[in-house]
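Worksheet: the structure to be examined is printed underneath.
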Amino acid sequence: MTEVQKLMIAVVSVFVVGFIMVGASKQESNEQKEAASQIRTLVAMQEMANQKCPKLILNKTGSQVYFPSKTDTDKTSYVTLEWIGDKDSNFKTASCTLHLSIGGVSKLVIDDQVLIDKKVEH
């Protein structure tokens, strides 16, 4: 075998080993898949709540809200966003809960007055 052939075999071997290592590292375990799914679910709930809740609060109070002062979630089924009104706002506190099972806002409370309260099946 010539030196050129040995060098070509070595280069091909390095590429084969590299492809095998990359292929093996890309396989996800069930735990990784579950964690990724949970993150996607949480992001989807947050996005939906950040779209729906400020619109509802604006419609009910006439005041625009932007960033919640508090967020609560179980990371799988609901997210609650809470706002504290500014001195220019038409409300003191607002709380909006979105449940994934109903696909929308299940509870809206503004200044301790419940405006939306939908039953959520568990």
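So in the stretch 49-72, with the set limited to residues that are open to solvent by less than 50 Å² (accessible area, probe 1.4 Å) and β-branched (Val, Ile, Thr), which one is nearest to VAL105 (Cα to Cα)?
Only one residue fits best here, namely ILE57.
Considering LYS75, LYS87, which residue is closer than 21 Å to GLN113 by Cβ, open to solvent by 60 Å² or more (accessible area, probe 1.4 Å) and free of Cβ contacts under 8 Å to residues at least 40 places away in the same chain?
Values: LYS75 fails: closer than 21 Å to GLN113 by Cβ.
Result of the check over LYS75, LYS87: LYS87.
Looking only at the stretch 1-49, how many residues end up being among the acidic types (Asp, Glu), under 28 Å from the mean Cα position of the chain (by Cα), more than 30 Å from LEU98 (Cα to Cα) and assigned to a helix (DSSP H, G or I)? Walk me through how you get there before you give the answer.
First, the residues of the stretch 1-49 that are among the acidic types (Asp, Glu): 3, 28, 31, 34, 47.
Still in the running and under 28 Å from the mean Cα position of the chain (by Cα): 28, 31, 34, 47.
Adding the requirement that they be more than 30 Å from LEU98 (Cα to Cα) leaves 28.
With the extra rule that they be assigned to a helix (DSSP H, G or I), the set shrinks to none.
Residues in the stretch 1-49 being among the acidic types (Asp, Glu), under 28 Å from the mean Cα position of the chain (by Cα), more than 30 Å from LEU98 (Cα to Cα) and assigned to a helix (DSSP H, G or I): 0 in total.
Would you please list the contacts, defined by Cβ atoms under 8 Å and residues six or more apart or on different chains, that run from a residue in the stretch 93-122 that is surrounded by fewer than 17 Cβ atoms within 10 Å (Cβ to Cβ) to a residue that is hydroxyl-bearing (Ser, Thr, Tyr) and assigned to a strand (DSSP E or B)?
Note: pairs meeting the criteria are ASP111/THR93; ASP112/THR93; ILE116/SER106; ASP117/SER106; LYS118/SER106; VAL120/TYR78; VAL120/SER106.
Pull up the stretch 22-48, narrow it to residues that are in contact with a strand residue (DSSP E or B) (Cβ under 8 Å, 6 or more places away or on another chain) and among the hydrophobic types (A, V, I, L, M, F, W, C), then point me to the one that is surrounded by the most Cβ atoms within 10 Å (Cβ to Cβ). Show your work before the answer.
Of the stretch 22-48, the ones in contact with a strand residue (DSSP E or B) (Cβ under 8 Å, 6 or more places away or on another chain) are 42, 45-46, 48.
Now narrow it down to the ones that are among the hydrophobic types (A, V, I, L, M, F, W, C): 42, 45, 48.
Details: LEU42: 16, MET45: 20, MET48: 16.
Of everything passing the filter in the stretch 22-48, MET45 is surrounded by the most Cβ atoms within 10 Å (Cβ to Cβ).
Test SER106 against the stated conditions and say whether it is among the hydroxyl-bearing types (Ser, Thr, Tyr) and not in a loop (DSSP other than H, G, I, E, B).
Spelling it out, SER106 is indeed among the hydroxyl-bearing types (Ser, Thr, Tyr) and not in a loop (DSSP other than H, G, I, E, B).
Can you find even one residue in the stretch 63-75 that is outside any helix (DSSP H, G or I) and either touching a His at 6+ places or on another chain (Cβ under 9 Å) or aromatic (Phe, Trp, Tyr) (or both)?
Taking every residue of the stretch 63-75 in turn, at least one turns out to be outside any helix (DSSP H, G or I) and either touching a His at 6+ places or on another chain (Cβ under 9 Å) or aromatic (Phe, Trp, Tyr) (or both).
Condition first: under 30 Å from VAL65 (Cβ atoms) and either surrounded by fewer than 11 Cβ atoms within 10 Å (Cβ to Cβ) or in contact with an Asp or Glu (Cβ under 9 Å, 6 or more places away or on another chain) (or both). Can you find one or more residues in the stretch 2-11 that meet it?
no
I need a count of the residues in the stretch 50-77 that are under 12 Å from the mean Cα position of the chain (by Cα) and of a type in the set (D, E, K, R).
The number of residues fulfilling the criteria is 2.
The values are calculated or read from the model by the stated rules, or taken from the named source; none is laboratory data. Note that the structure is a prediction, hence the values are computed from the model and not measured. Heads up, the Cβs are rebuilt from the backbone with ideal geometry, glycines too, and the neighbour counts pull from every protein chain shown. Ligands, DNA and RNA are excluded from the accessible area calculation, which covers all protein heavy atoms including side chains. Shrake-Rupley method; radii C 1.70, N 1.55, O 1.52, S 1.80 Å.
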